[in-house]
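These notes concern the structure reproduced below.
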Amino acid sequence: MSVPTAVVLAGGLGTRLRFVVSDRPKVLAPVRGRPFLAHILDRLDAARVWDVVLATGYQAAQIRATFGGRHRGLRLHYSEEPQPLGTGGALARALSLATSDPVLVLNGDSLCAVDLDALRLTHERAGVEGTLVVTTVPDAGRYGSVAVGKDCRIDGFVEKRDGGGAGLVNAGIYLLSRRLLTTIPRDVAVSLERDLLPAWIAMGLAAHRTDAPLLDIGTPDAYAAAEDFLEP
């Protein structure tokens, strides 16, 4: 498999972070003196991913002004939503700039230090259309959990709910075939997590398990923990 193009979903409004980060999009929230997105791009550069599409929306111009056309060894491209399209709609719009098959997709507001070479190997061996990175967290109810069956195939997704204890969750990192991605309706607001992934189970999804911890800066408490999570 050739090195995939990466699409980083960076268009979210960051509504829950407005009280602590009000002047910029969520992916530019500062962590250890740098935008959170810079830490994601650092990991992609270290993994020898050469081309990255930033799927932007809210305050897109600020993201472009911050990063420009390159970050270290990465070539950066931009796909801007004309109106909010959700994670799935943003991904569909970015597809014309992502030339690989499969495409590496990452949430721009979370970080999990998975071995991307191991992820590619799992995807190849499973022979599926899409592979999700999953990891165990102490409170799976905050994220919604992933049901994994035999041969690492994904059987289903459980919605977010209070309590429930530890469990496997979607870490927001995917390898997705172009066959899957071309099924997303264009210019329609749709959620990758809520609408598309459950529908794609029948087409073949696998789970790549990692022990790497997950950081999601979507809430003020989680954002406050980011400094320690990314300590040098």
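Structural remarks
- Within segment 13-47, the set of residues being aliphatic (A, V, I, L, M) and open to solvent by 30 Å² or more (accessible area, probe 1.4 Å) comprises L13, V20, A46.
- Which listed residue, of L168, L132, is under 13 Å from H208 (Cα atoms) and in contact with a Phe, Trp or Tyr (Cβ under 7 Å, 6 or more places away or on another chain): L132
- Residue in segment 16-33 that is among the β-branched types (V, I, T) and within 21 Å of S79 (Cα to Cα) present: yes
- Residue match in segment 78-87 (condition: within 19 Å of N170 (Cα to Cα), open to solvent by 10 Å² or more (accessible area, probe 1.4 Å) and in contact with an Asp or Glu (Cβ under 9 Å, 6 or more places away or on another chain)): yes
- From the list S145, S191, S177, the lone residue that is of a type in the set (G, A, S), in contact (Cβ under 8 Å) with a residue 24 or more places away in the chain and in contact with a Pro (Cβ under 6 Å, 6 or more places away or on another chain) is S177.
- Residue check, S110 among the small types (G, A, S) and out of contact with any Asp or Glu (no Cβ under 6 Å at 6 or more places or on another chain): no
- Residue check for D221: out of contact with any strand residue (DSSP E or B) (no Cβ under 8 Å at 6 or more places or on another chain), surrounded by fewer than 18 Cβ atoms within 10 Å (Cβ to Cβ), closer than 24 Å to L41 by Cβ and without any contact (Cβ under 8 Å) to a residue 12 or more places away in the chain: no
- Selection over segment 112-133 of residues that are open to solvent by 10 Å² or more (accessible area, probe 1.4 Å) and touching a His at 6+ places or on another chain (Cβ under 6 Å) gives a count of 1.
- Each residue in segment 19-41 was checked for being free of Cβ contacts under 8 Å to residues at least 24 places away in the same chain and part of a helix (DSSP H, G or I), and 0 pass.
- Sub-9 Å Cβ pairs linking a first residue in segment 96-111 that is in a helix (DSSP H, G or I) to a second residue that is open to solvent by 10 Å² or more (accessible area, probe 1.4 Å) and of a type in the set (D, E), at least 6 apart or interchain, are L97/D51, ordered by first then second residue.
- Residue in segment 152-165 that is of a type outside the set (V, I, T), more than 23 Å from V31 (Cα to Cα), in contact (Cβ under 8 Å) with a residue 60 or more places away in the chain and open to solvent by 30 Å² or more (accessible area, probe 1.4 Å) present: no
The values are calculated or read from the model by the stated rules, or taken from the named source; none is laboratory data. Worth saying up front: this structure is predicted, and the values here are computed from it rather than measured. Cβ: placed from backbone, ideal geometry, glycine included. Neighbour counts: every protein chain shown. Note: areas computed on protein heavy atoms with side chains; ligands, DNA, RNA excluded. Shrake-Rupley method; radii C 1.70, N 1.55, O 1.52, S 1.80 Å.
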